[in-house]
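Presented below is the structure to which this report refers.
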Amino acid sequence: MKDSIPSSLGSVAQRRLLVLLSVQAGIVDRDQALAVGLSRGQISYRLRSGAWQRVYPGVYATFTGPASRDARFWAALLFAGDDAVLSHETAAELTSLTDRKSAAISVTVPNARRVAAPRGIVIYRQRHRQLKWRFARGIPPHTLTEDTVTDLVNASATFDDAVAWVTAAFARRLTSEHMLRQAIAARSRVRWRGQLDDVITLAAGGTHSVLEFRYDRDVERAHGLPRAARQAPFIKQDGSRGYRDRYYQHYGRLVIELDGRNYHLDETRDRTRDNQATAAGGSTLRYTWTDVTSRSCETAAEVHRALRARGYPAPLKPCSPACRALATQEQTRPPPGPG
């Protein structure tokens with residue numbers, strides 16, 4: 001990195017620039033370079049010679065070759081200006097809310113500022129006042145988990161997408177019920193605000209995916225089924241710890257496994273998990289996205305039959321006058337005996 005610093009700079013200016021570049025992954029903007037002592041001519045020369053490269057107008061990489069992801073983050077922040085923070089999908093990446101790396105970098109700026117987004121950057125303007133946080137050296141400023149989740153909920157195309165962000169935050173143990181509720185309450189505008197209250201309650205209690213939320217709401221609760229244990233721990237045959245999606249311990253140790261994949265890429269793993277449940281004296285029912293979302297009534301009827309066979313006494317509750325669960329029960333009821 002020293003090769004990127006003009007030798008004509010004084011030692012103090014060189015140290016200041018080195019510190020700045022080490023924090024910002026080798027990225028500097030024009031005002032910062034001038035502030036530490038570089039002249040306009042020195043900046044222009046290093047750009048012309050290829051020692052530096054222009055990333056965005058007024059933002060430079062003080063190295064040759066492709067920029068690292070951190071360098072791209074800092075370049076986007078410096079281009080957006082003071083009080084800019086990484087947000088939305090980019091903040092989700094930095095806070096480990098998601099493992100996906102988005103192609104575009106999302107940046108939020110104060111509401112009063114107008115920034116024309118260059119290619120590769122998405123600019124959002126904040127309508128609420130965010131708390132100022134001091135980040136560890138070298139970490140690009142970004143929204144914290146609770147604001148990130150709220151931003152992503154507001155940007156979601158569907159309610160299921162919003163549920164996915166909320167449940168992911170709890171599944172990865174990145175937030176608490178109190179902190180997320182506090183962040184949402186601080187916003188004047190939040191999509192699906194009324195429905196999110198239920199989502200947060202379920203997510204804090206162990207609902208860790210959209211599919212699990214739909215099972216809890218549309219299968220279990222809507223049809224009056226008993227509340228299953230969420231994320232019930234068990235010890236695998238190799239001694240490691242696993243978790244069962246839903247577990248009815250008091251009714252024959254019935255296990256419900258929910259699989260959002262359209263195709264089973266690892267059927268051996270699923271079969272092993274089911275076999276372990278059976279070996280422990282229980283049994284497993286496995287449901288996919290279609291079973292829970294398009295056939296919720298039929299799925300509820302099947303779970304109810306399994307529970308009744310294991311001692312559950314209460315009748316099935318129809319979710320609506322048009323509920324298909326009762327019709328399913330009638331079709332599967334054995335015919336009366338003779339006489």
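Given H placed 1.01 Å from N in the peptide plane, which residues other than close sequence neighbours of T284 have an amide H under 5 Å from its amide H?
Amide H to amide H, under 5 Å and 5 or more residues apart or across chains, T284 pairs with V255.
For segment 25-112, which trypsin sites (Lys or Arg not before Pro) are in a loop by DSSP, counting at most 16 other Cβ atoms within 10 Å?
Here the sparse-neighbourhood loop sites are R100, K101.
Take peptides 287-293, 186-192 and line them up by average Cβ neighbours within 10 Å, highest first, as a rough protection proxy.
The densest-packed peptide leads the list: 287-293, 186-192.
In sequence order, what are the phi-derived ³J(HN,Hα) couplings for segment 311-325 according to the Karplus relation 6.51 cos²θ - 1.76 cosθ + 1.60 with θ = phi - 60°, rounded to whole Hz, with x for glycine and proline?
These are the phi-based 3J(HN,Hα) values: x, 6, x, 7, x, 6, 9, x, 7, 6, x, 9, 4, 8, 5 Hz.
Taking 0.36 nm per residue of separation and subtracting the Cα-Cα distance, what length does fully extending R119 through V19 add?
33.1 nm
Which value results for Rg/Rh of segment 2-66 when Rg is the Cα radius of gyration and Rh the Kirkwood radius based on the inverse mean 1/r?
When Rh is taken as the Kirkwood radius, the ratio is 0.91.
Non-local amide H neighbours of H142 (under 5 Å, H modeled in plane, Pro and chain starts lacking H): which ones?
So H142 has HN proximity to L86.
List the residues whose amide H sits under 5 Å from the amide H of I121, counting only those 5 or more places along or on another chain, with H placed 1.01 Å from N in the peptide plane.
So I121 has HN proximity to I105.
Any read-out appearing in this document is the output of simple, stated calculations on the displayed coordinates, not a laboratory observation. If you're wondering where the values come from, they're calculated on a predicted model, not measured in any experiment. Every residue, glycine as well, gets a Cβ built from its backbone with ideal geometry; the counts of neighbours run over all protein chains shown.
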